[in-house]
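Just below is one structure, and these are the notes that go with it.
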Amino acid sequence: MKRLPQEIIDEIIDAVASERAHVSTLRSCALTCASWVPRARRHLFSTVTLTEPSTVRAFVDRLHTPPPRTRLRPSLLPPVGHLVRHLRLGVPVAPNSRQDGRRYDFSFYTIEDINPALMPNLTTLSVAEIPEPHFYASAFRWLCQGFKTVKTLRLSRGILAPETLARILGGFPRLSSLQLSYPEAYRDCVGIRLIGEGIPRVRLRHSVQHLILGVPDLPIVEWLVQYGGLACTQLVSLSLLFQPQDDLQAVQAMLHHTGRTLTELSIGYADPPYVLPLEGTLRHRLEFVQGIQDLFKYSPLKANLALRALRIEGCEAIEHTRPTRQDLHSWIPVLLQQIRAVRLETVTLSFRRLRQIDSSRLSWIDWAAVDTLLATSPLKTVRRIEVEVEESEIQRDQLFHRVAALLPRAAWRGALRVRVLRECPMSQWDRKPISELQYMTLMDCVDPPVHQDSGSAAYAEEYEYYQNIRMGVDCS
């Protein structure tokens, strides 16, 4: 065989694209030979991240540049804009993680230079931060009117007035998935929050069937549940994250409102798990443990017979100094005990990171209770019991044997799966692991941090800088 069939080459490139550090490898694939170019370009430009004005200018120039000439037929090399499916405006990262000195914020003035008409296959839009509309009036208007083809909208942080949120949601007529989340590992950011009086005078479109709420804001949940923002039978997929010792009122309201008809549920601790110290911390901790157990014990999940997939987030150790203490994860067996859906296909226990010293027994979870529940009806018919680890110091084979010893019944019937998304030593972790519960102050929760570049003078300076770049003035 002188050459591989094109189908095999495409499968190889698809496998490369599924890896986390794939960009440099895909670039090499695109330079290998002409037959590798179409598939590599498809993955290279499927997600585009724009931050500072220079990246926007480069991307706009690329949109207007015809595809490169090769020996292949022109139809096999579509324009770059036709390959873009996910557009990210800014990167939601913590300020202390910017070790390379790069800028990760998106200059919102530049959004008017982006022509969505050149990206007909664009389906996902991620915005790292929503600014104040009165500082970016025309740019904000373009955000709400220009991206009509978007079906998935992801908002990471912003302090929004009710009318602002209503304008944003009204600008995406094809919306099917909405994420009001928060930047992971972001110490001082509060995510998406409503401020001011009133509620958004808008209802989520009936096409919205997937909702992700990372540490949900209570006013947003009240709008969705109490004021008709979301129909109780509308969602098929719901993701909820919360903090240890946090107020569970928002989580409880969402579960009771939508829990009877969900087919996919993802719930668990946020990343990273911070707690709020109150007067009488131990008493508050006990109240939280009892409260979260009661939340699931009296939830409508018992009446849900349509559930197909259950994902439990944040199963990693929270208190490394006391690994045998199980109270903060005692709600996991309680949640599994409430499941009555006989068509449940997958149960996933998700760990964001596992250290070598943590994995000997994983003793902060009551594995005996979990294994017993997975061996009784209706969970004994679940086809896949997945243990997923995002970052691990342990190799997958070693971790599988350790997990199989903790869940022997699931392993014996062949349902156990262990997925390690990234194997890396401690020195190569993207984020420093949390060594202990980290406490927030009351000020962090009540008053969001004021960034240095949030004043009107800074906005005017940024606008002037960008205008000079447009006119070709040297701004160095």
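The values are calculated or read from the model by the stated rules, or taken from the named source; none is laboratory data. None of these values were measured; they are calculated from a predicted model. Cβ atoms come from the backbone with ideal geometry, glycine included; neighbour counts cover every protein chain shown. Note: accessible area is taken over every heavy atom of the protein model, side chains too, but ligands, DNA and RNA are not part of it. Shrake-Rupley method; radii C 1.70, N 1.55, O 1.52, S 1.80 Å.
For ASP61 and ALA303, compute 0.36 nm times the residue count separating them, minus their Cα-Cα distance, and round to one decimal in nm.
On the way: separation 242, 0.36 × 242 = 87.12 nm, distance 5.44 nm.
Extending this stretch completely gives an extra 81.7 nm.
How much net charge surrounds LEU180 when only the other residues with a Cβ under 9 Å from the Cβ of LEU180 are counted, with Lys and Arg +1 and Asp and Glu -1?
On the way: positive: ARG154; negative: ASP217.
Residues near LEU180 contribute 0 overall.
Using a Förster distance of 22 Å, how high is the FRET efficiency between GLN338 and LYS380, based on the Cβ-Cβ distance and rounded to 0.05? Write out the running numbers ahead of the final one.
Numbers: r = 16 Å, r/R0 = 0.72.
That gives a FRET efficiency of 0.90.
How do ASP247, ASP14 stack up against each other in accessible area, from largest to smallest, with a 1.4 angstrom probe? If you can, show how the numbers build up before the last one.
On the way: ASP247 105, ASP14 40 Å².
I get ASP247, ASP14, largest accessible area first.
Would you list VAL127, VAL60 from the most to the least accessible area, probe 1.4 Å? Write down the numbers at each step before the final one.
Details: VAL127 5, VAL60 25 Å².
From most accessible down to least: VAL60, VAL127.
Can you list the HN-Hα couplings for region 291-299, worked out from phi with the Karplus curve (6.51, -1.76, 1.60; θ = phi - 60°), rounded to whole Hz and with x for Gly and Pro?
For region 291-299, the Karplus-derived couplings read x, 6, 5, 5, 4, 7, 5, 10, 7 Hz, x marking Gly and Pro.
What order do GLU112, GLU386 take when sorted by accessible area (1.4 Å probe), most exposed first? It would help to have the intermediate numbers written out before the result.
Working: GLU112 80, GLU386 20 Å².
Result of the area sort, largest leading: GLU112, GLU386.
With the crude spin-label approximation of a point 7 Å out along Cα→Cβ, what separation in nm comes out for VAL236 versus VAL23?
Going by the 7 Å Cα→Cβ label model, 3.3 nm.
Taking R0 as 41 Å, what's the FRET efficiency between ASP14 and GLU52 from their Cβ-Cβ distance, rounded to 0.05?
On the way: r = 31 Å, r/R0 = 0.76.
Given R0 = 41 Å and the Cβ-Cβ separation, E is 0.85.
From the C-alpha gyration tensor of region 102-218, pull out the three semi-axes of the equivalent ellipsoid (sqrt of 5λ each), sorted largest to smallest, in whole Å. Show your work: numbers first, answer last.
Details: eigenvalues 81, 65, 47 Å².
One finds semi-axes of 20, 18, 15 Å for region 102-218.
Measure off 7 Å from each Cα along the Cα-to-Cβ vector at CYS424 and ASP366, then give the distance between these two points in nanometres to one decimal.
With each label placed 7 Å out from Cα toward Cβ, I get 3.5 nm.
Can you give the extra length, in nm with one decimal, that the chain gains between LEU4 and ASP294 once fully stretched, where that is 0.36 nm per residue apart less the Cα-Cα distance?
Working: separation 290, 0.36 × 290 = 104.40 nm, distance 5.84 nm.
Length gained between LEU4 and ASP294: 98.6 nm.
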